[in-house]
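Participant: So that we are looking at the same thing, I have put the structure below in structure tokens.
We did not get these values from a lab; they are worked out from the coordinates using the rules stated. Quick caveat: nothing in here was measured; it's all calculated off a predicted structure. A quick note on method: Cβ atoms are made from the backbone with ideal geometry, for glycine too, and the neighbour counts reach across all protein chains shown.
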Amino acid sequence: MILLRLWRGELPLGEAFWTWAVLVGLLVNIASSIGFFWLMMAGQTVAGFIVGHALSLPYNLVAAVGVWRSAGRSDSDPRWAGAARLAVAIGMTILSLT
């Protein structure tokens, strides 16, 4: 399963960061935000909270940990690995708080 490989840091750093943290992370967070607003407008506050936060937070955690671990195993430039770690830590923190 690809998410398990991501969690373990077994994916190449570029794939973990660009595909799973940036692209898929963006899609997951946009979808959960749309679901949140739609449910809130329908008066379903508990369901809105679950869709808006409880579904995206686990994915954000998996993506952040996966990038962090992939950066630790990466043979690429250490500056790139450090930048990927910093970017995913900041990005996922911001997405998780909003």
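Participant: Name the residues in the stretch 77-89 that are part of a helix (DSSP H, G or I) and of a type outside the set (A, V, I, L, M, F, W, C), would you? Can you show your working first?
Facilitator: In the first step, residues of the stretch 77-89 are kept if they are part of a helix (DSSP H, G or I); the result is 78-89.
Correct list: Pro78, Arg79, Gly82, Arg85.
Participant: Here is a follow-up. So for the stretch 46-57 (the condition being closer than 19 Å to Ala89 by Cα and buried (at least 19 other Cβ atoms within 10 Å of the Cβ)), does at least one residue qualify?
Facilitator: As a first pass, look at the stretch 46-57 and keep what is closer than 19 Å to Ala89 by Cα: 53-57.
Pick out the ones that are also buried (at least 19 other Cβ atoms within 10 Å of the Cβ) and you get 56.
Yes - at least one qualifying residue is present in the stretch 46-57.
Participant: Return only the number of the condition from (1) buried (at least 18 other Cβ atoms within 10 Å of the Cβ); (2) in a helix (DSSP H, G or I) that Leu11 does not satisfy.
Facilitator: (2)
Participant: Between Ser56, Ser32, Ser76, which is in contact (Cβ under 8 Å) with a residue 60 or more places away in the chain and in contact with a helix residue (DSSP H, G or I) (Cβ under 7 Å, 6 or more places away or on another chain)?
Facilitator: Values: Ser56 fails: in contact (Cβ under 8 Å) with a residue 60 or more places away in the chain; Ser32 fails: in contact (Cβ under 8 Å) with a residue 60 or more places away in the chain.
None of the others qualify; the one that does is Ser76.
Participant: Sort out which residues of the stretch 14-45 are outside any helix (DSSP H, G or I) and surrounded by 13 or more Cβ atoms within 10 Å (Cβ to Cβ), and write them in order of number. It would help to see each step written out before you state the result.
Facilitator: Step one: of the stretch 14-45, the residues outside any helix (DSSP H, G or I) are 42-44.
Residue satisfying the conditions is Gln44 alone.
Participant: Select from the stretch 48-76 the residues that are farther than 13 Å from Ser33 by Cβ, assigned to a helix (DSSP H, G or I) and of a type in the set (S, T, N, Q) and list them in ascending order.
Facilitator: If the condition is that a residue be farther than 13 Å from Ser33 by Cβ, assigned to a helix (DSSP H, G or I) and of a type in the set (S, T, N, Q), then Ser70 is the only one that fits.
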